[in-house]
1. With every protein chain present, what is the per residue accessible area of the chain (1.4 Å probe, Å²)?
2. Could you tell me the extents of the range 318-390's C-alpha atoms along the three principal axes, largest first, rounded to whole Å?
3. Roll a 1.4 angstrom probe over the protein heavy atoms and tell me the percent of accessible area of the range 307-368 that is carbon or sulfur.
4. With N set to the number of residues, divide the alpha-carbon radius of gyration of the range 21-81 by 2.2 N^0.38 Å and report two decimals.
5. Lys pairs in the chain, Cα-Cα under 15 Å, at least 8 apart or on separate chains: how many?
6. For Cα extents along the principal axes in Å, pick the label among (1) 88, 54, 48; (2) 108, 75, 49; (3) 91, 65, 43 that corresponds to the value derived from the coordinates.
7. With every atom except the alpha carbons ignored, what do you get for Rg and Dmax of the range 270-391, in angstroms?
8. From zero up to wherever the largest Cα-Cα distance of the range 508-603 sits, split into 10 Å bins and tell me the percent of pairs in each.
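The values are calculated or read from the model by the stated rules, or taken from the named source; none is laboratory data. Not measured: the values here are computed from a predicted model. Reconstructed Cβ throughout: ideal geometry from the backbone, glycine too, with neighbour counts over all protein chains shown. Surface areas here come from the heavy atoms of the whole protein model, side chains and all, with no ligands, DNA or RNA. Shrake-Rupley method; radii C 1.70, N 1.55, O 1.52, S 1.80 Å.
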Amino acid sequence: MTTSAPATTAELPIRGMSCAACAARIEQGLAALPGVRQASVNFAAERATVTYDPGTLDAERLVRRVGELGYEVPVTRLTLPVTGMSCASCVGRVERALGRVPGVLEASVNLASEQARVAFPAGRVELGELRRAVRAAGYDIPEVPTAAEPSADGEPASRAREIAGLRLKVAIGVVLSVPVLLGSLPLLPWVPVGWTNPWVQLVLTLPVQYWVGWPFHRGAWTALRHHTANMNTLVSLGTNAAFLYSGAVTLWPHPLMAAGGMTYYDTAAVLVTLIVLGRYLEARAKGKTSEAIRALVGLSPKRARVLRGDIEGDVAIEELVPGDLVRVRPGEKVPVDGVVIEGRSTVDESMLTGESLPVAKGPGDAVTGATLNRTGTFTFRAERVGRDTVLSRIIRLVEAAQGSKAPIQALADRVSAVFVPVVLALAAVTFGVWWLGGPAPALLFALSNAVAVLVIACPCAMGLATPTAIMVGTGKAAEHGILVKSAGALELLHRVRTMVLDKTGTLTRGRPEVTDVRPRAGVTAIDLLAVAAAVERGSEHPLAEAIVARAAADGAPASTAEGFEALPGHGVSARVDGRAVVLGHARLMAECGVPLDGLAGEA
């Protein structure tokens, strides 16, 4: 009996796709590799998810295959110092350790310089994972690498550069296209005469066509070399036809204009500028959506206070391993998941559960990374670190949802796969019909109508809108604390008629607020708030913060409390203006002999 090797899943960021047809082409190309069990490419997320047999091929072969198809996988390359090596066998062990880290494409180690060069898809491998792998092999990577090119945060940086480049192209395209467009409208008497000159329009359109629009022409050429066509093909064909024909009319005006020819510089310039504007808006939408994931990553603290033996010291969170003892002080975030072994405190878990009130924690209780410690100091044993924490799993869930395909997208992908060839065929048929049966000059009418078919088909709205809507929708939901498991679940949401919520925390804002003040025995609401706020200013409890905030909002006069004392699990006490004041639950009032005057029933 034979068993197949466990499959490995790789996520590869991809650059150079222009439409859903590109995604389908990459998907088919990757699926055709021996050893690939499943391949899925999301155009909006610009990401390929490939499940493959590691015994048959490796991730580097997947990257090369994407390159062979005419696209690019942005790769981060790090140069890391490695200490503890003494011979060539050490080099082999370190290389194997780094190569086993999920996502690493290439690892090479130089014994003489004591450096390791590691390549991996941008943003897919953390430095802490590399460091842990090397340490597990018996060597070490110092906490701060001596050289890095570029940083592991390469994907957001790459996105920022892309947006900046597109913004510049849009600006230059607009500045040059507006005079060309206005110069093509001779009925406007206020247009400068120079703008109507064909040579001026040629000079203004040339940089728009071949600098602003260069990515379209490059993409079309790449598709042609691979015997395929995509949206770049349509844009490049349509705008080049308009520009080159206009250039011919400008160079040889007499024979062409006598036959009814005219320039179409405005068509080429405005079309290229508008499509680049669309790419810019699309890139911005993707960038803003990925901020939701970066915001989740930012919830986790960067360092932790670890007890190892008799030594207590700060270490980077990537250095934590299961079993480490970690101390958390009031006001600090819990770095990773674990179990309290010493001390008591209350922990604000609203980022995870939505519950407004902190949860009491003591020995034996579980704590979750990125939650906020409120009152006391405690020590806990780390149990899940790195990619195993609850927060890391939430981040992967959001990423998977953004990259997943909804059932309706399958229809969009099928249409997009045949969309470009059909449009090219329709343009060719249009040209032939007008050339053979159109009025004179038939060639000009044929060319004009064929170009119209090509340029009108350029946006490919369905193939772009479906995955982008899913990506933006799941990202926005994550910003508001709503996690969507998959695109399929999001698509089914429109059928929901009844929603059942299992706990109040899913409905709250994550922080308590004072909604009602019910005074008794002739005390006004403002006086009651003033006294309560004076006592609660000495407490860090969320209820105390809510009372102080309501007193400030209502303009209650500030008072000073003396002898403040916290009564764990009950409330607080102090003296305000010489009077003893206690705040807490009903049991505390009963223990202190405070009559409730019927408030118990009202509460």
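1. Solvent-accessible surface per residue comes out at 51 Å².
2. 30, 23, 19
3. Working: 1480 of 2900 Å².
Its accessible area is 51 percent carbon and sulfur atoms.
4. Numbers: Rg = 12.2 Å, N = 61, 2.2 N^0.38 = 10.5 Å.
Taking N as the residue count of the range 21-81, the ratio is 1.17.
5. Going through the chain pair by pair, I get 6.
6. Only one option fits the structure, namely (2).
7. Computed over the Cα atoms of the range 270-391, radius of gyration and Dmax are 19.4, 71 Å.
8. Values per bin, smallest distances first: 15, 49, 33, 2.
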